[in-house]
Amino acid sequence: MAIPGAISFDLIEDDADWATNDRPYEFEPVSIEFGTATVAKDARGIMHATLETLKGKTAKWETKLPEPKAHPYTVAFAWDANDASFSINGKLVERKAISLD
């Protein structure tokens, strides 16, 4: 059973304009107690986020990167036994009903 929890981290990149340019970026995966959280931006400015368990179950999100208000962007994942959510700069992108066990 997935233990309820959350993790947040800042997306930091050497390119100051990474959020607005047309180049893709893959940020370092972040290990959590039951799996991995990954975030990437594609050339169209779409953010791709994935929460994957050690058992191979995944929750995925895609969203247009919001206009930058301040750098860095802060992303957050939260989960419990029945759902998982993804947020950018404190704004919920989506909550998904999914068992991550």
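Of the residues Lys55, Lys60, the single one that is of a type in the set (Lys, Arg) and within 10 Å of the chain's Cα centre (by Cα) is Lys60.
Taking only segment 71-93 into account, find how many residues are touching a residue at least 12 places away in the same chain (Cβ under 8 Å), within 20 Å of Ala19 (Cα to Cα) and surrounded by fewer than 16 Cβ atoms within 10 Å (Cβ to Cβ). First the steps, then the outcome.
Going residue by residue through segment 71-93, those that are touching a residue at least 12 places away in the same chain (Cβ under 8 Å) are 71-84, 86-91, 93.
Keeping just the survivors that are within 20 Å of Ala19 (Cα to Cα) gives 71-77, 86-91, 93.
Those still in the list that are surrounded by fewer than 16 Cβ atoms within 10 Å (Cβ to Cβ) too: 71-72, 74, 89-91.
Residues meeting the conditions: 6.
For segment 18-33, the count of residues that are within 18 Å of Ile7 (Cα to Cα), of a type in the set (A, V, I, L, M), part of a strand (DSSP E or B) and in contact with a Leu (Cβ under 7 Å, 6 or more places away or on another chain) is zero. Scanning segment 14-38 for residues that are over 17 Å from Leu54 (Cα atoms) and free of Cβ contacts under 8 Å to residues at least 40 places away in the same chain yields a count of 12. Against the condition surrounded by 15 or more Cβ atoms within 10 Å (Cβ to Cβ), at pLDDT below 95 and basic (Lys, Arg), how does Lys96 come out, does it pass? Taking the combined requirement at face value, the residue satisfies it.
The values are calculated or read from the model by the stated rules, or taken from the named source; none is laboratory data. Everything numeric here is computed off the predicted structure, so don't read it as measured data. Note: ideal-geometry Cβ built from the backbone for every residue, glycine included; neighbour counts use all protein chains shown.
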